[in-house]
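Please treat every number below as a calculation from the coordinates, not as lab data. Quick caveat: nothing in here was measured; it's all calculated off a predicted structure. Cβ coordinates were reconstructed from backbone atoms using ideal geometry, including for glycine residues, and neighbour counts include every protein chain displayed.
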Amino acid sequence: MGYDDVFKIKIEEPETVASHMYRMAVLAMTLQDCDCDVVKCIKMALVHDIAEAIVGDITPHCGVSDEQKFNLEHKAFLEISTYVSEKIGDEWVSLWREYEENKSKEANIVKHLDKFDMIAQAFSYEKRFNIGAFI
């Protein structure tokens, strides 16, 4: 997730995109008392970074504009959506666009979960590698 750039050290066995998305889906499952569509949040959490399987994690340190990043991820998402039925692929693309454009309460919640997970992962690395006060 680009932590090597942030911490300026090599992170051994960094988290995978899959573990990040799974952790976010588990976090979304805790939203049972939330006035939102929890199932939609879980689905969104599970697909929001799936394009990284093709394009990798494009961080601000990569020198790629937001527009370029969106276009690369969109192209990757469209490719990935062809690996499943059209109905499911269309749903994945729709959830991703909604997330990227922050179009709904659920998208906003999942974006906050993404930030929370990033902070929790950074804290874990800080403790695991004795990095010092990062957060």
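Overview of results
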item	result
Residues of type lysines that K127 reaches as a straight line, Cα spacing below 22 Å, ignoring anything fewer than 8 places off in the same chain	K8, K10, K115
Cβ-placed point charges (K, R +1; D, E -1), dipole of the range 44-132 about Cα centre in debye, nearest 20	300 debye
Hz values of 3J(HN,Hα) by residue in the range 16-22 - Karplus curve (6.51, -1.76, 1.60), Gly and Pro given as x	9, 4, 4, 5, 5, 5, 5
Partner lysines for K87 [C-alpha distance under 22 Å; skip if fewer than 8 residues away on the same chain]	K40, K43, K75, K103
Listed residue (V38, S94, H61) projecting farthest to the positive dipole end of the range 7-102, Cβ model	H61
Loop trypsin sites (Lys or Arg not before Pro), the range 44-135 (other Cβ atoms within 10 Å of the site Cβ: 13 or fewer; DSSP)	K103
Stretchable slack from I54 to K111, in nm (0.36 nm times residue separation minus alpha-carbon distance)	18.4 nm
Alpha-carbon centroids, the range 10-34 and the range 65-135: separation in whole Å	11 Å
Computed E for Q68/D33 - FRET, C-beta separation, R0 41 angstrom, nearest 0.05	0.55
Under the Karplus curve 6.51 cos²θ - 1.76 cosθ + 1.60, θ = phi - 60°, whole-Hz ³J(HN,Hα) for the range 86-102, x wherever Gly or Pro sits	4, 4, 5, x, 4, 5, 4, 4, 4, 4, 5, 4, 4, 5, 4, 8, 6
Virtual paramagnetic centre 7 Å along Cα→Cβ of I88, amide N under 14 Å, in the range 44-73	47
From the coordinates shown, percent of Cα pairs over 24 Å apart corresponds to which of (1) 21; (2) 33; (3) 71	(2)
In sequence order, calculated HN-Hα J values of the range 112-122 (Karplus, 6.51, -1.76, 1.60; Hz; x Gly/Pro)	5, 4, 4, 5, 4, 5, 4, 5, 4, 5, 4
